[in-house]
Amino acid sequence: MDTNGADGLGLLGDPTRRAIFELLARRPSTVGELARQLPITRSAVSQHLRVLKDGGLVVSRAEGTRRIYRLNPDGVTALRAYLDRVWAEALTAFGKTAQAAPTDPEQEDP
Amino acid sequence: MTSTPTIPPLTGTITVDAPVEQVFRSFTDGFGSWWPAEYHIGQAEMATAILEPHQGGRWYEQGTDGSECDWGRVLAWDPPHRLVVTWQINGQWQYDPDPAHASEIEIRFSADGPNQTTVSLEHRHLERLVDGQTLRDGITGGGGWTSLLELLAKAATDQT
């Protein structure tokens, strides 16, 4: 995947990735700790973490034999990606509501 | 060691099958009816959110307990084609009244036809929100960022 890391749009669109992101916002964790809180395998967690890391949202460091993941402490990319997600959902919600709103009276049954 | 870099603006567009005047009204008058209720900053669950329809107007949420939390201000009110508001929710997920720390959201509504409108949104000056150290503390130290996510989680749980 050779997408630009600055383009966070979509990274948090996957519900599992968003769940991982939110768990890491609460507490830095290992793959095993994340897998215990989610209905997916460790290898699936690792794959999602790789995507989040490539996107600049998550960083990791080795601690003895463990690898601890946490949100990128620089925060800028994470903030932007999070707001990206907010707007993607908000605009989708708006589209649905605006579309459902009554249109021209002449086109609608009274 | 690190300085706050400029953050590229966020953009988004959506096309709606409705006339431009109606889409502008749905976006503004009807703001509270479409904004996803999980995205809010108040302690109480959000009852609605209100965008006051004039330049200088408030943009704020109302909680189910009647409390109010500001989000920003209306900078430009040009119906039915353009709206600019500030987003003053900072890295601690609190309203920051200082205009120097205000990011801006510009929304443009263009008529593609009598019954089709494209809505384009740009959220810019994001770096103004990032009081670098504050945001870092928020993320790593269990501060605002975490608090918001906990509120989100709590709200989601309460709804079920």
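The values are calculated or read from the model by the stated rules, or taken from the named source; none is laboratory data. Note that this is a predicted model, so its numbers are computed, not measured. Positions of Cβ are generated from backbone atoms using ideal geometry, with glycine treated the same way; all protein chains shown enter the neighbour counts.
Close contacts from region A:75-102, counting a first residue that is more than 23 Å from residue A:25 (Cβ to Cβ) and more than 7 Å from every other protein chain (Cβ to nearest Cβ) and a second that is assigned to a helix (DSSP H, G or I) and modelled with pLDDT of 75 or more, with Cβ to Cβ under 8 Å and a gap of 6+ residues or different chains, come to A:96/B:34.
Do we find that residue B:38 is touching a residue at least 24 places away in the same chain (Cβ under 8 Å) and surrounded by fewer than 17 Cβ atoms within 10 Å (Cβ to Cβ) in this structure? Quick ask: steps written out before the conclusion?
On the way: touching a residue at least 24 places away in the same chain (Cβ under 8 Å): yes; surrounded by fewer than 17 Cβ atoms within 10 Å (Cβ to Cβ): yes.
Considered against the rule, which asks whether it is touching a residue at least 24 places away in the same chain (Cβ under 8 Å) and surrounded by fewer than 17 Cβ atoms within 10 Å (Cβ to Cβ), residue B:38 comes out as yes.
Do we find a residue being within 13 Å of another protein chain (Cβ to nearest Cβ) and assigned to a strand (DSSP E or B) anywhere in region B:19-42? Let's see the steps before the verdict.
Taking region B:19-42 as the starting set, the residues that turn out to be within 13 Å of another protein chain (Cβ to nearest Cβ) are B:19-41.
Right, trim to assigned to a strand (DSSP E or B) and you get none.
The answer is no; no qualifying residue exists.
Which one of these does residue B:12 not meet: (1) part of a strand (DSSP E or B); (2) without any contact (Cβ under 8 Å) to a residue 60 or more places away in the chain? The single condition residue B:12 does not satisfy is (2).
Every residue, every condition in (1) assigned to a loop (DSSP other than H, G, I, E, B); (2) of a type outside the set (A, V, I, L, M, F, W, C), yes or no:
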| residue | (1), (2) |
| --- | --- |
| A:20 | no, no |
| A:25 | no, no |
| A:35 | no, no |
| A:39 | yes, yes |
| A:43 | no, yes |
| A:46 | no, yes |
| A:52 | no, no |
| A:59 | no, no |
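Within region B:78-98, the set of residues being under 18 Å from residue B:52 (Cα atoms) and at pLDDT below 95 comprises B:87, B:88, B:89, B:95, B:97.
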